[in-house]
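Everything below concerns the one structure shown next.
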Amino acid sequence: MAKIMVVDDSKIMRKILTGTLTDAGHEVIKDAANGKDALDALETMEIKPDLITLDITMPVMDGIEALKNIREKYPDVKVVMVSAAGQKSKVLEALKAGALDFLQKPFEKEDVVAVIGKFVNNA
Ligand SMILES: [Mg+2]
């Protein structure tokens, strides 16, 4: 079981990811609607997540900028991006900046569990 933070500006997407990860035995310890909220939350969290799922397109602070901040401040925290179709260059930029992998929307629950499971211990 891993401690996971879900970051996405879509409430429905946060709900889907949280449900899927929880069903797979992980614990979603925090969610946030944009990169800034995620960074603010990380600062105050006593126990940091093992892994963060990070949407690319978000208002205020997008996933790419958030990723760069997270990599710099919390290098032990793993990051998997959540992208939409047509975001290949953003995905490549994220992988270069230290994201471990990406999930492209729309995804199947099994894909989420498999991709996350590559980087954390399954329950
Ligand atoms: Mg979005």
How long are the three semi-axes of the equivalent ellipsoid for the chain, computed from the Cα gyration tensor as the root of 5 times each eigenvalue, in whole Å, largest first? 18, 17, 14
The chain, helix-only ellipticity at 222 nm - DSSP H runs n ≥ 4, -39,500 (n - 2.57), divided by all residues, nearest 500: -12500 deg cm²/dmol
Interchain or long-range residues, amide H under 5 Å from VAL82's placed H: LEU54, ASP55, ILE56, LEU103
The range 34-59 and the range 77-100 have their Cα centres apart by a whole-number Å value of 15
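How would you rank ILE47, ILE56, ILE29, going from fewest to most other Cβ atoms within 10 Å of each one's own Cβ? Please list the in-between numbers first.
On the way: ILE47 8, ILE56 23, ILE29 16.
Placing the least packed residue first, the sequence is ILE47, ILE29, ILE56.
Based only on other Cβ atoms within 10 Å, what is the fewest-to-most ordering of SER10, SER83, SER89? All intermediate terms of the calculation are to be shown ahead of the outcome.
Details: SER10 15, SER83 21, SER89 8.
In order of increasing Cβ crowding within 10 Å: SER89, SER10, SER83.
Please order VAL60, VAL79 by the number of other Cβ within 10 Å, starting at the fewest. Numbers along the way, then the final one.
Numbers: VAL60 12, VAL79 25.
In order of increasing Cβ crowding within 10 Å: VAL60, VAL79.
Here, each number is a calculation from the coordinates, and none is a lab measurement. Here the structure is a predicted model, which is why all the values come from computation and not from measurement. Here Cβ is always computed from backbone atoms with ideal geometry, including for glycine, and neighbour counts include all displayed protein chains.
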